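Notes for the one structure printed next.
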Amino acid sequence: MSDRQDNVEVTKNPKAPIVRYFSLLILNFLVEWIPGLSKFLFYDSGFTALRKFKYDDSLTAIPLPLPKEEFGLNKVEHSVVGLEIFEEKENKAEPIGSTEYLTAWHFREAYLSGRITPSQVAKNLIAKIEAAHTFTSPTEPSIEGFYQYDHDEILRQAEESTARYAQNESLGPLDGVPVGIKDEIDVKGFETRVGTAFINRGNKAQQDATLVRRLREKGAIIVGKTSMHELGMDITGNNPVAKTPRNPYDPNHYCGGSSGGSAAVVAAGLCPISIGCDGGGSIRVPASFCGLYGLKPTTGRVPSKGTFPLTFTCGVSGPFASSAADLALTYYAIAGKDPEDPNTYHQPSPTLYGFYLTNTLTDLKIGIYSAWNQQVQNSAITTALHEFIDAFKLRGAQIVEIEIPELEEARNAHLIAILSEIHHIVNRYKEHRNKLTYPNRILHVILEHLAVSDYIQSQQVRTRIMRHLSNLFENSVDLILTPTSGITAPQIHPRALSYGEVNSNVTGNAIRFVQLANFTGIPGINVPAGYDEKGLPIGLQFMARWYNEALLLRVANVSQEILGDRRKQPGKELWFGDLL
């Protein structure tokens with residue numbers, strides 16, 4: 001046994017100076033040239049927090065639910081329900097979900113009726129992308145969501161979709177629907193730059209990632225690559241190299257990261273769907289900041305072949321969408337086993353079971369860890385959380401007070417795991433380290449002090465926290481409900497756009513609630529839940545047992561009904577969604 005004492009300590013509130021502009025340049029110089037400073041910052045940053053404990057737990061290298069008896073996979077072996085639920089809705093000529101945003105259903109209904117063709121939509125989309133990327137003034141900046149795109153390639157895909165509809169050979173509800181792909185995922189003919197100035201420059205992908213291929217097989221129009229935080233190493237989306245995407249609800253605020261560009265293009269109405277990657281909240285936090293639905297699936301649920309291997313154990317790809325139904329539709333299209341990805345082998349078949357069972361929730365127990373949920377910096381988040389709790393109670397859900405021990409240790413262990421893995425990859429490009437943005441140059445010098453024992457201990461903590469969650473889902477609750485982030489979208493400091501910034505307070509508060517799902521491999525989802533006093537979106541997070549994405553998608557659909565007509569579009573100046 002470990003000498004770790006049981007407690008209910010929640011995560012600590014980070015306190016550190018904000019470093020940007022000249023102070024950032026000076027700090028970078030000092031860290032790189034003064035021996036001992038990087039070691040001091042390494043210890044001061046808390047990377048050694050686990051060294052005081054002596055764990056004898058086994059290591060869990062990949063957070064997959066093994067063995068089946070312990071993690072209860074049999075509990076989610078529902079009959080497989082898939083796209084037929086969308087076809088049933090379509091036959092009734094009903095929109096799939098209530099939203100002011102265009103959804104895949106709107107595109108499909110327009111194509112089937114002959115009101116417009118995918119080719120005409122593609123031409124409209126290209127014009128909108130150009131408008132969204134035109135800088136007009138400092139007070140009206142561009143969205144900067146799409147980082148790489150090709151007009152001719154967009155039109156080619158649209159022409160093929162148009163021909164299918166003309167011949168009554170549509171490939172289904174995604175045929176002709178525009179989709180954006182994060183610059184961490186291979187798209188044939190584009191460079192997978194991972195937000196850097198040097199990776200894969202001049203080296204275009206020769207084939208699509210598995211998930212992109214699956215989307216193409218459903219007829220989706222792959223618009224291009226979306227911008228991301230360099231190497232996925234922070235949560236704001238700030239990237240002087242690949243451009244910093246702006247939040248359509250207020251361009252002076254961040255979209256979040258690292259999948260900020262994927263969030264921006266959906267929130268601005270350029271696409272109803274996009275794909276991101278989530279190693280430390282990189283889908284759920286931007287979804288929260290931009291008022292979208294965002295799903296981080298179970299580790300291994302979506303094939304990783306063709307995705308740049310930034311983090312081996314914490315990351316997984318997943319969808320952003322403007323509606324709960326589009327999120328479900330996209331998840332079902334990209335999830336499932338892949339013979340070229342061993343991490344996908346051990347999983348039950350993906351299902352959309354129960355998606356429309358929204359009227360009564362008497363079968364659900366939702367766990368609330370109040371001491372943890374109170375750790376937010378904006379009271380509007382707490383208000384939204386309580387409103388949704390009350391709404392779920394009205395539909396019959398049982399709310400259960402829970403505790404999750406060792407959350408602070410899990411937070412530290414997640415950071416050690418994900419940063420060790422990214423640092424390992426960056427070391428392959430040591431000769432290009434001076435091309436990194438200044439925050440990452442500083443961080444990677446500091447990370448040189450990580451020891452193998454630190455990483456091993458992080459994997460032992462993973463084993464412990466997975467056991468805690470397994471017992472919780474097995475014996476107490478079906479879901480865990482938290483805020484997605486402790487803050488709403490943070491403000492952009494203009495001087496940070498040129499060189500980047502280090503703001504540990506924003507990072508720590510933004511990812512406080514999302515790290516647990518990445519570290520343990522369980523799925524998590526963000527649902528829009530209202531707006532703060534500035535009109536910035538608020539998101540709430542649900543987490544479920546391994547491979548139970550169907551339940552998360554069901555509660556997303558419930559949440560969409562709860563929010564109802566309170567859902568808002570961004571202002572007209574930053575809205576480009578009138579594609580039909």
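The values are calculated or read from the model by the stated rules, or taken from the named source; none is laboratory data. Bear in mind that the values here come from a model prediction, so they are computed numbers and not experimental data. Every residue, glycine as well, gets a Cβ built from its backbone with ideal geometry; the counts of neighbours run over all protein chains shown.
Listing for the model above:
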quantity	calculated
The one condition in (1) in contact with a His (Cβ under 9 Å, 6 or more places away or on another chain); (2) closer than 19 Å to Gly524 by Cα that Lys534 fails to fulfil	(2)
Residue that is farthest from the chain's Cα centre (by Cα) [pool: residues in region 399-434 that are more than 30 Å from Ile368 (Cβ to Cβ) and loosely packed, with under 15 Cβ neighbours inside 10 Å]	Glu431
Residue in region 197-215 that is within 30 Å of Tyr531 (Cα to Cα), touching a residue at least 60 places away in the same chain (Cβ under 8 Å) and among the charged types (D, E, K, R) present	no
Candidates Ser498, Ser504, filtered to the one that is modelled with pLDDT under 95, of a type in the set (S, T, N, Q) and either within 14 Å of the chain's Cα centre (by Cα) or within 17 Å of Pro245 (Cβ to Cβ) (or both)	Ser498
Exclusive hit being under 23 Å from Leu59 (Cβ atoms) and among the charged types (D, E, K, R), set Arg433, Arg462	Arg462
Counted residues, region 387-423 - those being closer than 30 Å to Ile442 by Cα and small (Gly, Ala, Ser)	4
Test: Ala267 is closer than 25 Å to Gly189 by Cα and hydrophobic (A, V, I, L, M, F, W, C)	no
Looking only at region 144-162, and only at residues there that are under 28 Å from the mean Cα position of the chain (by Cα) and outside any strand (DSSP E or B), the one that is surrounded by the most Cβ atoms within 10 Å (Cβ to Cβ)	Gly145
Selection count, region 443-462, where residues are within 25 Å of the chain's Cα centre (by Cα) and either closer than 30 Å to Gly500 by Cα or surrounded by fewer than 19 Cβ atoms within 10 Å (Cβ to Cβ) (or both)	5
Number of positions in region 35-75 that are more than 18 Å from His468 (Cβ to Cβ), assigned to a helix (DSSP H, G or I) and at pLDDT 90 or above	10
Among (1) among the basic types (Lys, Arg); (2) within 26 Å of Phe473 (Cα to Cα); (3) surrounded by fewer than 24 Cβ atoms within 10 Å (Cβ to Cβ), the one test that Arg301 misses	(3)
Region 275-287 residues that are surrounded by fewer than 24 Cβ atoms within 10 Å (Cβ to Cβ), paired with ones that are in a helix (DSSP H, G or I) (beta carbon under 6 Å, 6 or more apart)	none
Matching residues in region 383-396 - criterion: being among the small types (Gly, Ala, Ser) and closer than 19 Å to Trp372 by Cβ	Ala384
Sole exception among (1) at pLDDT 85 or above; (2) on the phi > 0 side of the Ramachandran plot; (3) buried (at least 16 other Cβ atoms within 10 Å of the Cβ) for Leu102, by number	(2)
Hey, Arg411 closer than 16 Å to Phe513 by Cβ, touching a helix residue (DSSP H, G or I) at 6+ places or on another chain (Cβ under 7 Å), assigned to a helix (DSSP H, G or I) and of a type in the set (D, E, K, R) or not	yes
Set Ser453, Ser470, Ser504: member being touching a residue at least 60 places away in the same chain (Cβ under 8 Å) and touching a helix residue (DSSP H, G or I) at 6+ places or on another chain (Cβ under 7 Å)	Ser470
Unmet criterion (only one of (1) modelled with pLDDT of 65 or more; (2) hydrophobic (A, V, I, L, M, F, W, C); (3) not in a helix (DSSP H, G or I)) for Leu112	(3)
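Yes or no, residue by residue, for (1) of a type in the set (A, V, I, L, M, F, W, C); (2) surrounded by 22 or more Cβ atoms within 10 Å (Cβ to Cβ); (3) not in a helix (DSSP H, G or I):
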residue: Arg164; (1), (2), (3): no, no, no
residue: Leu171; (1), (2), (3): yes, no, yes
residue: Ile181; (1), (2), (3): yes, yes, yes
residue: Lys188; (1), (2), (3): no, no, yes
residue: Ala197; (1), (2), (3): yes, no, yes
residue: Arg213; (1), (2), (3): no, no, no
residue: Ile222; (1), (2), (3): yes, yes, yes
